[in-house]
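Participant: Quick one: this structure, given as structure tokens, is what I'll be asking you about.
The values are calculated or read from the model by the stated rules, or taken from the named source; none is laboratory data. Here the structure is a predicted model, which means the values were calculated and not measured. A quick note on method: Cβ atoms are made from the backbone with ideal geometry, for glycine too, and the neighbour counts reach across all protein chains shown. When the accessible area is computed, the model is the full protein with side chains, heavy atoms only, and any ligands, DNA or RNA have been set aside. Shrake-Rupley method; radii C 1.70, N 1.55, O 1.52, S 1.80 Å.
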Amino acid sequence: MSQRNVVLGVTGSIAAYKAADLASRLTQAGVSVHTVMTESASKLVTPATFRALTGQPVAIEMFDLSSPFSIEHVSLAEIADTLVIAPATANVIAKLAHGIADDLLTCTALATRAPILIAPAMHTAMWENPATLANVETLRERGVAFAGPAVGRLASGGHGAGRMAPVDDILDEIGALLGRHGSLAGRRVVVTAGGTREAIDPVRFLGNRSSGKMGYAVAAAARDRGACVTLISAPATIHRPAGVHVVDVTTADEMLAAVEQALPGSDVLIMAAAVADFAPAEALSTKAKKGNAPLRIDLRRTPDILQAVRDVPVKVKVGFAAETENLIANARDKLARKNLDLVVANDVGARNSPFGSDMNEAVLVSRTDTTPTPRMPKRALADLILDRVVALLENA
Ligand code: CTP
């Protein structure tokens, strides 16, 4: 996102205060945020808040003599890499649908050729009003993207659809829009993530320490390079990336079926999931009670997913290796045995074990080189992995 220009339109919904968080998070990500507020938004949150958070002037009026731009709406429209309206009222959505341009924000929206993302926020009845639904449909048909609205408690005290989408989701959608022409544009990427669970009985399972963070970071990073991403996720309790197709699975068998379904026609498979190698031979159908529980669990091997899809034609296959000893030798062995193009080897025995952490360090093992990485945020490691994937795709 860094060094990109986002014009952030803020309109007069009570969710306007959440736009301050969005502006702050975008700025922290290196984005130049140019805020345009409607008159009513400026009554809910002061322009000074956005000025301080973004370090940029905040525009409200069409003919602001102190503005650095000669024709404000055209200048803003032209510098925008994307125009984000969050929160967007029913009123601004209606104006956009009909090409009405009667204030700085709607003039900017009409004048821009940049993609537009709208995060509606309003009372449920307004959202469900046929007029609003028709306006949303019109805008969607014109290629305008929408984030939310979410369902939940409303400022009116009621409950229903109309809450502004979570800021994390809006950030995801902005990442996808900004990256739509990126290095994986037009590519289909399948990513697996999380630790599978194998049932012992209806309440217990065999699992592992994977949080899903690494695989989710890879999925989000691929999305932000323009890829069409399918994320096959074992249970994980972290933020689900928006703008990717998520398939939820629980067991290794389910993950294999989902991978087999998603893979045909895909360019890249990245197996970041920690797949259980063993499952109870038979799951009990009722809860094992202390008094009569068997003290032994017989195990069966689960399918090896990478082995199972060995011959499916995919241009680039990436595996992970979680090892407590002989990291590089084991990674090289997996590279050959599983017919991979790259193995991301993690030392999970070290004091800096990556399980659950936002940080990770790895050794990237390919057929031609072995490259250790420094410890870095998982998102940064995800981008390093994808740099390698892009290079491998070019030579595929
Ligand atoms: N993997 C898989 N199917 C399994 C187990 C693992 O596809 N049943 C994938 C993982 O997603 C990972 C890679 O294989 O990308 C390495 O997993 P790991 O468990 O470290 O390797 P194993 O092949 O199980 O070998 P070992 O148990 O000897 O370490």
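Participant: Would you be able to say whether some residue in the stretch 99-111 is over 23 Å from residue 64 (Cβ atoms) and assigned by TED's automatic domain parsing to the domain that holds residue 79?
Facilitator: Scanning the stretch 99-111, I find at least one residue that is over 23 Å from residue 64 (Cβ atoms) and assigned by TED's automatic domain parsing to the domain that holds residue 79, so the answer is yes.
Participant: Moving on to the next point. Would you mind telling me which numbered condition in (1) within 23 Å of residue 257 (Cα to Cα); (2) of a type outside the set (Val, Ile, Thr); (3) in contact with a helix residue (DSSP H, G or I) (Cβ under 7 Å, 6 or more places away or on another chain); (4) not in a loop (DSSP other than H, G, I, E, B) residue 306 fails?
Facilitator: Condition not satisfied by residue 306: (3).
Participant: Yes or no: the stretch 345-367 includes at least one residue that is acidic (Asp, Glu), within 15 Å of the ligand (Cβ to nearest atom) and more than 22 Å from residue 216 (Cβ to Cβ). Working first, answer last.
Facilitator: Quick first cut of the stretch 345-367, residues acidic (Asp, Glu) only: 347, 358, 361.
Applying the additional criterion that residues be within 15 Å of the ligand (Cβ to nearest atom) yields 347.
If we keep only those that are more than 22 Å from residue 216 (Cβ to Cβ) as well, we get none.
Checking the stretch 345-367: not a single residue is acidic (Asp, Glu), within 15 Å of the ligand (Cβ to nearest atom) and more than 22 Å from residue 216 (Cβ to Cβ).
Participant: Before we move on, is residue 191 within 24 Å of residue 302 (Cα to Cα) and in contact with a helix residue (DSSP H, G or I) (Cβ under 8 Å, 6 or more places away or on another chain)?
Facilitator: yes
Participant: Given the criteria within 19 Å of residue 23 (Cα to Cα), free of Cβ contacts under 8 Å to residues at least 40 places away in the same chain, in the same structural domain as residue 167 (by TED's automatic domain parsing) and among the hydrophobic types (A, V, I, L, M, F, W, C), does residue 41 qualify? Before the answer, list the steps.
Facilitator: Details: within 19 Å of residue 23 (Cα to Cα): yes; free of Cβ contacts under 8 Å to residues at least 40 places away in the same chain: yes; in the same structural domain as residue 167 (by TED's automatic domain parsing): yes; among the hydrophobic types (A, V, I, L, M, F, W, C): yes.
Criteria met by residue 41.
Participant: Of the conditions (1) open to solvent by less than 50 Å² (accessible area, probe 1.4 Å); (2) outside any loop (DSSP other than H, G, I, E, B); (3) within 14 Å of the ligand (Cβ to nearest atom); (4) not aromatic (Phe, Trp, Tyr), residue 276 clears all except one; give me its number.
Facilitator: (2)
Participant: Follow-up question, since we're still on this one. Before we move on, is residue 235 without any contact (Cβ under 8 Å) to a residue 60 or more places away in the chain, touching a helix residue (DSSP H, G or I) at 6+ places or on another chain (Cβ under 7 Å) and surrounded by fewer than 20 Cβ atoms within 10 Å (Cβ to Cβ)?
Facilitator: Spelling it out, it is not the case that residue 235 is without any contact (Cβ under 8 Å) to a residue 60 or more places away in the chain, touching a helix residue (DSSP H, G or I) at 6+ places or on another chain (Cβ under 7 Å) and surrounded by fewer than 20 Cβ atoms within 10 Å (Cβ to Cβ).
Participant: Can you pull out every residue in the stretch 248-257 that is within 12 Å of the ligand (Cβ to nearest atom) and more than 21 Å from residue 201 (Cα to Cα)?
Facilitator: 256, the sole residue that qualifies.
Participant: Are any residues in the stretch 311-325 near the ligand (Cβ under 10 Å from one of its atoms) and either free of Cβ contacts under 8 Å to residues at least 24 places away in the same chain or loosely packed, with under 13 Cβ neighbours inside 10 Å (or both), and if so, which ones?
Facilitator: 324
Participant: Anything in the stretch 135-159 that is part of a loop (DSSP other than H, G, I, E, B) and under 12 Å from residue 120 (Cβ atoms)? List them, or say none. Break it down into steps so the answer makes sense when it comes.
Facilitator: Looking only at the stretch 135-159, we keep the residues that are part of a loop (DSSP other than H, G, I, E, B), and these are 142-144, 147-149, 154-158.
Within the stretch 135-159, 144, 147, 148, 149 meet the criteria.
Participant: Among the numbered conditions (1) assigned to a loop (DSSP other than H, G, I, E, B); (2) of a type outside the set (Phe, Trp, Tyr); (3) closer than 26 Å to residue 395 by Cα, tell me where residue 260 comes up short.
Facilitator: Answer for residue 260: the failing condition is (1).
Participant: So which strands (runs of 3 or more DSSP E) are wholly in the stretch 14-131 and hold at least 1 residues that are open to solvent by 20 Å² or more (accessible area, probe 1.4 Å) and of a type in the set (Gly, Ala, Ser)?
Facilitator: The strands (runs of 3 or more DSSP E) meeting that bar are 32-37.
Participant: Listed residues 52, 80; which is without any contact (Cβ under 8 Å) to a residue 12 or more places away in the chain and either in the same structural domain as residue 139 (by TED's automatic domain parsing) or in contact with a Leu (Cβ under 7 Å, 6 or more places away or on another chain) (or both)?
Facilitator: Matching residue, one of 52, 80: 52.
Participant: Additional query: Exactly one of (1) outside the structural domain of residue 243 (by TED's automatic domain parsing); (2) under 17 Å from residue 230 (Cα atoms) is unmet by residue 150. Its number?
Facilitator: (2)
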